[in-house]
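Please read through the structure below; I'll follow up with questions.
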Amino acid sequence: MHPILGRPWRLAVYLAIWIPLGGLLAALLALQGVFDWRDALTVAVPLSAAYGFLCLSAWYVTGGSPVDRVGPLRVAVTAVTASFVSSAVWLLLARGWMGMIASLLVRADLSGRFRAGAPTFFGFGFLLYLLAMAVSYLAAAFEVSREAERRGFELQVLAREAELRALRAQIDPHFLFNSLQSISALTTADPAAARRMCLLLADFLRETLALGARLRIPLSSELALAQRFLAIEQVRFGARLQVETAADPRADAQTVPPLVLQPLVENAVTHGIAHLLEGGEVRISTELRPSTLVITVENPCDPGRPAGRGTGLGLRNVRERLHSVYGSDASLQEGERDGRFVVRLELPL
């Protein structure tokens, strides 16, 4: 439905605007000597209100010919054609209206003056319809802007909700339980290792809370946090867990969502290294390309590990966060091949 017809007060305001336009048309007709002032007002004001309804069609004409899709030439042709047709219809209405007035008021001279006023009616109607189309285009552009703003706000809310969900899921309670159990076990067997693990865990939690409150952090900080996490796990797993980081120094200053790597390295340990008796190496690499930042986390895995012990939740959280921040410009790909599980992130610069 036309936005003006949807609200009675809008229609009242809209018609009120056409009354002074009818006065302007009456002035033109009177100054040209077609009618005296009284007859001009009697003819022009009702016709102007009627033409106001006819000009509502400009909304639908502009909706069928958006500038960004059909181009300015087609818009110009459409505007001229629609204005011509509308003015012609209005001219017919004017002739009918003047004939009705002449019949009701027994003013045979009025219908005879139609020919003299026809060019003014046509030209006035042509220009008014062009103006109505211009206003319709402006209203459509304003509506598109408001819709884009609304969608942007909704995306921000969704992004923030995804961030909060992701942050809540970042630190797996099992990681804390296992760390505390390891500390408890090391307290008697290796007090120095227990103390080192306590300090690493405290630093990791402190850094996680500090960085998690920011929208973006440098990649170097994200890598450092992932290495803190892996350092804690190295205390637990000992020689079974090796870590290799191949960071592209050109990529260190690039910003990424905070804690985006933590679920990936946690998955690499929990669902990869932990299932291998001999352990293995978690490898993190970064690469700066002309338009993307590539981050890869890979680890050995046991192809025969129990079903249902996958990496779905962590990867889904990361994927949702990337989508909320970058839309379709970012990607997360994971795959298992030749006993190695690889997760590859590509983020736009």
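Taking just the alpha carbons, could you work out the radius of gyration and Dmax for region 1-85, both in angstroms?
For region 1-85, the Cα-based Rg and Dmax read 16.0, 48 Å.
Place a +1 charge on the Cβ of each Lys and Arg in region 220-349 and a -1 charge on the Cβ of each Asp and Glu, then give the dipole magnitude about the Cα centre in debye, rounded to the nearest 20.
240 debye
Please give the charge dipole size of the chain, origin at the Cα centre, charges +1 on K and R Cβ atoms and -1 on D and E Cβ atoms. Round to the nearest 20 debye.
Using only the charged Cβ atoms, the result is roughly 1120 debye.
Distance in nm between label sites at residue 155 and residue 336, each 7 Å beyond Cα in the beta-carbon direction?
That separation, rounded to one decimal, is 3.5 nm.
Give the carbon-plus-sulfur fraction of the accessible surface of the chain in %, rounded to a whole number; probe 1.4 Å, heavy atoms of protein chains only.
About 63 percent, which is the carbon plus sulfur part of the accessible surface.
Same structure again: Name the residues of region 1-26 whose amide N is less than 20 Å from a point 7 angstrom out from the Cα of residue 147 along the C-beta direction?
1-7
Another question about this same structure. What number, rounded to the nearest 500 deg cm²/dmol, is the helix-based mean residue ellipticity at 222 nm of the chain, given -39500 (n - 2.57) per DSSP H run of at least four residues and division by all its residues? Let's see the in-between values first.
Working: 12 runs with 232 residues, N = 349.
Result for the chain: -23000 deg cm²/dmol, rounded to the nearest 500.
Please give the peptides 259-266, 199-206 ranked by average Cβ packing (other Cβ atoms within 10 Å per residue), highest first, as a rough proxy for protection.
In decreasing order of mean packing, 259-266, 199-206 become 259-266, 199-206.
Just want to confirm a number: the relative contact order over the chain, from Cα pairs under 8 angstrom separated by 6+ residues, in percent.
11 percent.
In whole Å, how far is the Cα centre of region 113-163 from that of region 22-91?
First find each Cα centre; the distance between them is then 17 Å.
Can you work out the accessible area per residue across the chain, with the rest of the protein chains kept in place, probe 1.4 Å, in square angstrom?
Values: 18840 Å² over 349 residues.
Per-residue accessible area for the chain comes out at 54 Å².
I'd like to know which of 81, 108, 288 lies farthest towards the positive end of the charge dipole of the chain, counting +1 on Cβ of Lys and Arg and -1 on Cβ of Asp and Glu.
Checking the options against the dipole of the chain, the answer is 108.
Charges at C-beta only: +1 for Lys and Arg, -1 for Asp and Glu. How large is the resulting dipole of region 10-157 about its Cα centre, in Debye rounded to 20?
220 debye
Ok, one more. Got a sec? What order do 340, 250 fall in by accessible area at 1.4 Å, biggest, i.e. largest, first?
On the way: 340 75, 250 150 Å².
Of 340, 250, the descending order of accessible area is 250, 340.
A further question on this structure: Quick check: pseudo-label points 7 Å beyond the Cα along Cα→Cβ at residue 252 and residue 7, how many nm apart are they?
5.7 nm
If I stretch the segment between residue 88 and residue 281 completely, what's the gain in nm (0.36 nm per residue apart, minus their alpha carbon distance), one decimal?
61.4 nm
Related question: Between the alpha-carbon centers of region 276-307 and region 176-201, tell me the distance in whole angstrom.
26 Å
From the list (i) 117, 38, 35; (ii) 72, 53, 44; (iii) 76, 48, 40, can you say which value of Cα extents along the principal axes in Å was derived from the structure given?
Structure-derived value, by its label: (i).
So, one more: Using modelled backbone amide H atoms (1.01 Å from N, in-plane), which distant-in-sequence or interchain residues come within less than 5 Å of residue 243's amide H?
So residue 243 has HN proximity to 282.
Based on DSSP H assignment, which helices of the chain show an axial Cα extent of at least 18 Å together with a mean Kyte-Doolittle hydropathy greater than or equal to 1.6?
Passing helices, by number: 8-31.
The values are calculated or read from the model by the stated rules, or taken from the named source; none is laboratory data. Quick caveat, the model's predicted, so the values are computed rather than measured. Here the Cβ is made from the backbone with ideal geometry for all residues, glycine too, and neighbour counts use every protein chain on show. Areas reflect the complete protein model, heavy atoms only, side chains present, ligands, DNA and RNA absent. Shrake-Rupley method; radii C 1.70, N 1.55, O 1.52, S 1.80 Å.
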